[in-house]
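Scroll down for the structure; my scribbles are underneath it.
Quick note: the coordinates plus some simple rules give every number you see, no bench work behind them. These numbers were taken from a predicted model, which means no experiment stands behind them. Backbone-built Cβ (ideal geometry, glycine too); neighbour counts: all protein chains shown.
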Amino acid sequence: AQSVTQLGSHVSVSEGALVLLRCNYSSSVPPYLFWYVQYPNQGLQLLLKYTSAATLVKGINGFEAEFKKSETSFHLTKPSAHMSDAAEYFCALAGGTSYGKLTFGQGTILTVHP
Amino acid sequence: EAQVTQNPRYLITVTGKKLTVTCSQNMNHEYMSWYRQDPGLGLRQIYYSMNVEVTDKGDVPEGYKVSRKEKRNFPLILESPSPNQTSLYFCASSLRGQKNNEQFFGPGTRLTVL
């Protein structure tokens, strides 16, 4: 069975500080991994995705994530937080026998303080 | 503009009163699915459809029905809503063919069942 665990339901950082949102996965097949962002009262927007082409993936708005197979992790980072980054972030996994299905983590709410 | 639309965005209803949440996409995507989002649980798949007239259960299908008579539309039907179906619902679509295809999400429908 596939699963995704996001460590920390709430993360708070100061503006300009490093953002680190943690995601660990479990999959019996090579995973496809995604990070989505959800701004208040909006749907989910794709930040970036891992497709096995490169372990370091760059996404929109200055975010990037590194796939580490040995650690089964896909942590999301941004060097310098901006107030507009405040949102809920979801790590998701695709793969296995159910085509198209995304298995989501529990979500991490990012708060950015001035 | 490429998008997934859902209606209504907000709905308050009473137990047992049948309702339908519509979902439409204009990207000619084969794959469509419904998720529900609950605090601390992330998003969980309710039903999905690989193409017209092809639907199947996701992880939490109890109490829901779907249909796919046209490629662009994928309505979610609650025949007899109950309070435990109070949730935020998202429709998503993607191209078929690869598991790493990006899924596009609608803006969400917040349902309250009294």
Would you mind calculating the relative contact order of chain B from Cα pairs under 8 angstrom and at least 6 residues apart, reporting the percent as a whole number? 35
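Please identify the longest segment of chain A free of exposed GluC sites (Glu not before Pro), where exposed means a DSSP state other than H, G, I, E or B and no more than 16 other Cβ atoms within 10 Å. Don't jump to the answer; show the numbers that get you there.
Details: sites that count: A:GLU15, A:GLU71.
For GluC sites (Glu not before Pro) (loop position, at most 16 other Cβ atoms within 10 Å), the longest site-free span of chain A is A:16-70.
For region B:10-54, rounded, prolate or oblate, judged on the Cα gyration tensor with a ≥ b ≥ c (square roots of eigenvalues), a/c < 1.5 rounded, else prolate if a/b > b/c?
oblate
Normalised radius of gyration for chain B, please: alpha carbon Rg relative to 2.2 N^0.38 Å, two decimal places.
On the way: Rg = 13.3 Å, N = 114, 2.2 N^0.38 = 13.3 Å.
Ratio of Rg to 2.2 N^0.38 Å for chain B: 1.00.
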10 Å Cβ neighbours from other chains, averaged over peptide A:22-34: 1
Cα-based Lys pair tally, chain A, threshold under 20 Å, eight or more apart or on separate chains: 9
In region B:1-53, which GluC sites (Glu not before Pro) fall in coil by DSSP and have 13 or fewer other Cβ atoms within 10 Å? B:GLU1, B:GLU53
Label chain A by shape, choosing from rounded, prolate and oblate, from the square roots a ≥ b ≥ c of the eigenvalues of the Cα gyration tensor; if a/c is under 1.5 it is rounded, and otherwise prolate applies when a/b is larger than b/c, oblate when it is not. prolate
antiparallel share of DSSP beta bridges within the protein assembly as shown, to nearest 5, in %, is 90
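If you keep only loop residues by DSSP, which trypsin sites (Lys or Arg not before Pro) in region B:44-114 have at most 11 other Cβ atoms within 10 Å of their Cβ?
Numbers: sites: B:ARG44, B:LYS57, B:LYS65, B:ARG68, B:LYS69, B:LYS71, B:ARG72, B:ARG96, B:LYS99, B:ARG110; in loops: B:ARG68, B:LYS69, B:LYS71, B:ARG72, B:ARG96, B:LYS99.
Here the trypsin sites (Lys or Arg not before Pro) that fit, given the DSSP loop and packing criteria, are B:LYS69.
Give the Kirkwood hydrodynamic radius (Å, one decimal) of region A:4-48, defined as one over the mean of 1/r across all pairs of different Cα atoms.
Values: mean 1/r = 0.0777 Å⁻¹.
One over the average 1/r among Cα pairs gives 12.9 Å for region A:4-48.
Ranked by Cβ crowding within 10 angstrom, fewest neighbours first, how are A:HIS10, A:HIS82 ordered? Let's see the in-between values first.
Numbers: A:HIS10 10, A:HIS82 13.
Ranking A:HIS10, A:HIS82 by Cβ neighbours within 10 Å, fewest first, gives A:HIS10, A:HIS82.
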Scoring only Lys, Arg, Asp and Glu (+1, +1, -1, -1) among other residues with Cβ under 12 Å from the Cβ of B:GLY63 yields +2
Phi-based couplings in Hz for region A:45-59 (Karplus 6.51, -1.76, 1.60; Gly and Pro marked x): 10, 6, 8, 6, 8, 9, 10, 6, 6, 8, 7, 9, 10, 9, x
Within region A:21-111, report the trypsin sites (Lys or Arg not before Pro) that DSSP leaves as loop and that have at most 13 other Cβ atoms within 10 Å. A:LYS69
